[in-house]
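Novice: A single structure is presented below for examination.
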Amino acid sequence: MRYTDPEKFITIQQHIIEQQTKHPTASGEFSWLLSGLTLAACLIQAIVRRAGLVDILGGADSENVHGELQQKLDVYANKVIERCLASRGNVAVLGSEEIPEPIVVPTPEGSGRYVVLFDPLDGSGNIDVNVAVGTIFSIYERVTHGPVTDGGRKDVLQPGSRQLAAGYVVYGSSTVLVYTTGHGVHLFTLDPASGSFMLANEHARIPENGKIYSVNEANADSFGAGINAYLDWAKSKAAGPYTSRYIGSMVADVHRTLVKGGVFMYPATAKSPKGKLRLMYEANPMAFIVEQAGGLATDGKNRILDKQPTELHERTPLFIGAKDDVTRVMELMARG
Ligand code: AHG
Ligand code: MN
Ligand code: MN
């Protein structure tokens, strides 16, 4: 086992610095920023693992910008990430699912280089039933210069194709951190004893023949003919058949899809006509990662990473996973 071998283990900090050497323009600043996120992940997982013992379960007495009741863990995770990143000195703007407007971070004159958008706690509905939840993040370089003047709007509203890095943490049976900087997808497992994320799998590729579909079929009445045709095919002998898996935490469903293959879908529904998932801090980071692992991510018509956002919290339908599966769903949707 590499990570117990003192000659071979690689921590995420070592890995990030190695990645830096591939980015001629990057400096140690990026590693310093990412280490703020790994610190936040360690702090959040520590409270998630004690959820039943400390007062962190259940709803907070507040709603987020989407009108959703915030869970105590949403609020806690949001505060931890804000604090860990704002103190890095090189983050200019933060955008969080839990905060209505982007947060402009006061930094010494012009030193704020990065924008970080995040879903601090994904899968809130699963917190109280001890099912995997996670954190998702997306990192851009600013497009404006000097002091941030428009509340961070221009720097935040960039298409996913301009992400510098993206990643997620799954607080599951173990705590796994996955990230990409555009040079492959790399998986790390937290060693609770040392508090270090240790490299477990480098250059992960999404399996091409995973026979798993993942969708909330309770919404099937509003899926339309194409998606239902795909589901009928997947359940048929001709397809294998597939098996169905739906955790209800996107971060865990997408992680399973990355590791086992198949497809995860959150189509537009009657309740969420533009889709439920948010483009900037759910779909875009996951799309960057899955594309880097050889998969596809679309909104049913367009590549997720090509979408030009108009607001921080906009939603999108999402079809993400192995190339053949996403292509098949899109072809059937196109036939109508
Ligand atoms: P969040 O907890 O950040 O609001 O995200 C929840 C999302 C996503 O994680 C999951 O895939 C989806 O909600 C599940 O929605 P349904 O319960 O409607 O299936
Ligand atoms: Mn979420
Ligand atoms: Mn969330």
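Throughout, read-outs are computed from the coordinates displayed, never taken from laboratory work. Only a predicted model underlies this, so the values are computations on that prediction, with no experimental measurement involved. In this analysis, Cβ positions are derived from the backbone assuming ideal geometry, glycine residues included, and neighbour counts consider all displayed protein chains.
Novice: In square nanometres, what is the average projected area of the Cα convex hull of the stretch 70-140?
Specialist: Values: hull surface 18.7 nm².
Its Cα hull, projected and averaged over all orientations, spans 4.7 nm².
Novice: Determine, from the Cβ-Cβ distance of LEU53 and ARG335 and an R0 of 35 Å, the FRET efficiency 1/(1 + (r/R0)^6), rounded to the nearest 0.05. Don't skip to the end; give the middle numbers.
Specialist: Values: r = 53 Å, r/R0 = 1.51.
The calculated FRET efficiency here is 0.10.
Novice: Volume per residue, Å³, of the convex hull around the alpha-carbon atoms of the stretch 2-201?
Specialist: Details: hull volume 25.2 nm³, N = 200.
Taking only Cα atoms, the stretch 2-201 has a hull volume of 126 Å³ per residue.
Novice: Cα extents of the chain along the three principal axes, largest first, in whole Å?
Specialist: Projected onto the principal axes, the Cα atoms of the chain cover 59, 50, 46 Å.
Novice: Would you list, by chain and number, the lysines whose Cα falls below 29 Å from the Cα of LYS301, excluding same-chain residues fewer than 8 positions away?
Specialist: LYS154, LYS211, LYS235, LYS237, LYS260, LYS271, LYS274, LYS276, LYS323
Novice: In nm, what is the difference between 0.36 nm times the number of residues separating SER244 and SER161 and their Cα-Cα distance?
Specialist: Values: separation 83, 0.36 × 83 = 29.88 nm, distance 3.04 nm.
Length difference between fully extended and current span is 26.8 nm.
Novice: Taking loop as defined by DSSP and a crowding limit of 11 other beta carbons within 10 Å, which trypsin sites (Lys or Arg not before Pro) in the stretch 234-336 fit?
Specialist: Numbers: sites: LYS235, LYS237, ARG245, ARG256, LYS260, LYS271, LYS274, LYS276, ARG278, LYS301, ARG303, LYS307, ARG315, LYS323, ARG328, ARG335; in loops: LYS235, ARG245, LYS271, LYS274, LYS276, LYS301, LYS307.
Those satisfying the criteria are LYS271, LYS301.
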